[in-house]
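Written below as structure tokens is the structure these notes are about.
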Amino acid sequence: MMRLSRILMCGVAALGVALSLMGCGGGGSGFSFSRFVGSYSGSFSGTTANGNPVRGTFTADVASDGQLTAVITQNGTTFPATGTVTVEGNITVTATGGVAGQPSAFTSTLTGILRPAGEDITGTGTLATTQGGVANVVTGRWSAIRARPNANPFQGTYNGSFAGTGASAGLTGTFAVTADANGSVTGLVNQAGLGTYTATGTIARNGQITVVAVGAVPSNPPQQFVSTLSGTATANGAAVTASGTFQTVQGGQVAGSGNFTATRLTPN
């Protein structure tokens, strides 16, 4: 299963990269592929069908014709990926591996969209892997941001907490995340009763935050949930604080919501 998870996540990362690159176009409005040209960094997280967490990072480059190449890293192993971006902002990236016709053969597909965030371009989307003819052996989310010449002013390590209400109980927990020079965010969430799960996202130069955490309720079978945090980071000299709201979706239904706060410990 570890081999499967790694492969699946690789595919996901590749797709995530492609998506972020592609979304900034916008089709019949006179935009061209040149708007997407550049280097991107991103991350992904999800769960296997058994509820095991998977996560990784990726980098990608988009050419002036909308073609992209990417490298995904998971558990210390790198994987190549390719994809395309359309002027409408839709992206599709597919990663395959293993021997065709064998149980190890897999196909991972990532889809999503890019949106401007101040002077940045960020992308988010979903990922899914099929292996041995079985769909959705790994599912999750990805996010990416295009690199800029100067470092993101909000890069650094953050600690935070959240509190809210669920369908039948309160929701509380803590998290620790790191934002790199491009604004790509990765980290871990620890929630009472659910343990630790992964979080990925972006923080733009204008302080806009979007982070997605994917975990699984320890039931039989495990039930995946996706929590999306949206908020703003504010700088006061060297000090940076962040706050906002979150919403959790499980089984296609809203399962909880609340608020979060965070403080930057030290810049990177």
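Listed residues Thr82, Thr59, Thr77; which is under 18 Å from Thr200 (Cα atoms), of a type in the set (Val, Ile, Thr) and in contact (Cβ under 8 Å) with a residue 40 or more places away in the chain? Residue meeting the stated conditions: Thr59. A single entry from Ala144, Ala151, Ala117 fulfils the requirement of being surrounded by fewer than 16 Cβ atoms within 10 Å (Cβ to Cβ) and of a type outside the set (Ser, Thr, Tyr): Ala151.
All but one of (1) of a type in the set (A, V, I, L, M); (2) under 20 Å from Thr124 (Cα atoms); (3) in a loop (DSSP other than H, G, I, E, B) hold for Ala151; which doesn't? Unmet condition: (2). In region 209-224, the count of residues that are modelled with pLDDT of 90 or more, touching a Ser or Thr at 6+ places or on another chain (Cβ under 7 Å) and not in a strand (DSSP E or B) is zero.
Looking only at region 181-196, residues that are open to solvent by 30 Å² or more (accessible area, probe 1.4 Å), in contact with a strand residue (DSSP E or B) (Cβ under 7 Å, 6 or more places away or on another chain) and either within 21 Å of Ala117 (Cα to Cα) or of a type outside the set (Val, Ile, Thr) (or both) come to 6 in all. Of everything listed in (1) open to solvent by 10 Å² or more (accessible area, probe 1.4 Å); (2) part of a strand (DSSP E or B), the single unmet condition for Thr202 is (1). Of all residues in region 231-244, one or more are of a type in the set (S, T, N, Q), under 19 Å from the mean Cα position of the chain (by Cα) and surrounded by fewer than 21 Cβ atoms within 10 Å (Cβ to Cβ).
A single member of Thr84, Thr92, Thr122, Thr109 is assigned to a strand (DSSP E or B), at pLDDT 75 or above and within 15 Å of Ile145 (Cα to Cα), and it is Thr122.
Would a scan of region 250-262 turn up a residue that is farther than 18 Å from Ala169 by Cα and in a strand (DSSP E or B)? There is at least one residue in region 250-262 that is farther than 18 Å from Ala169 by Cα and in a strand (DSSP E or B).
Filtering Ala176, Ala181 for residues that are closer than 19 Å to Val211 by Cα and part of a strand (DSSP E or B) leaves a single hit, Ala176. Among the residues of region 63-75, just one is open to solvent by less than 10 Å² (accessible area, probe 1.4 Å) and over 17 Å from Trp142 (Cα atoms), namely Gly66. Here Ser104 fulfils each of the conditions (1) among the polar types (S, T, N, Q); (2) in contact (Cβ under 8 Å) with a residue 60 or more places away in the chain; (3) in a strand (DSSP E or B) apart from (3).
The set of residues in region 163-180 that are surrounded by fewer than 22 Cβ atoms within 10 Å (Cβ to Cβ) and of a type in the set (Val, Ile, Thr) comprises Thr165, Thr172, Thr174, Thr178.
Remark: pairs (first residue in region 218-237, small (Gly, Ala, Ser); second residue surrounded by fewer than 20 Cβ atoms within 10 Å (Cβ to Cβ) and in a loop (DSSP other than H, G, I, E, B); Cβ separation under 6 Å; 6+ apart in sequence or on different chains) = Ala233/Gly207.
The values are calculated or read from the model by the stated rules, or taken from the named source; none is laboratory data. Since we're looking at a predicted model, the values are computed, not measured. Positions of Cβ are backbone-derived with ideal geometry, glycine not excepted, and every protein chain shown enters the neighbour counts. Surface areas here come from the heavy atoms of the whole protein model, side chains and all, with no ligands, DNA or RNA. Shrake-Rupley method; radii C 1.70, N 1.55, O 1.52, S 1.80 Å.
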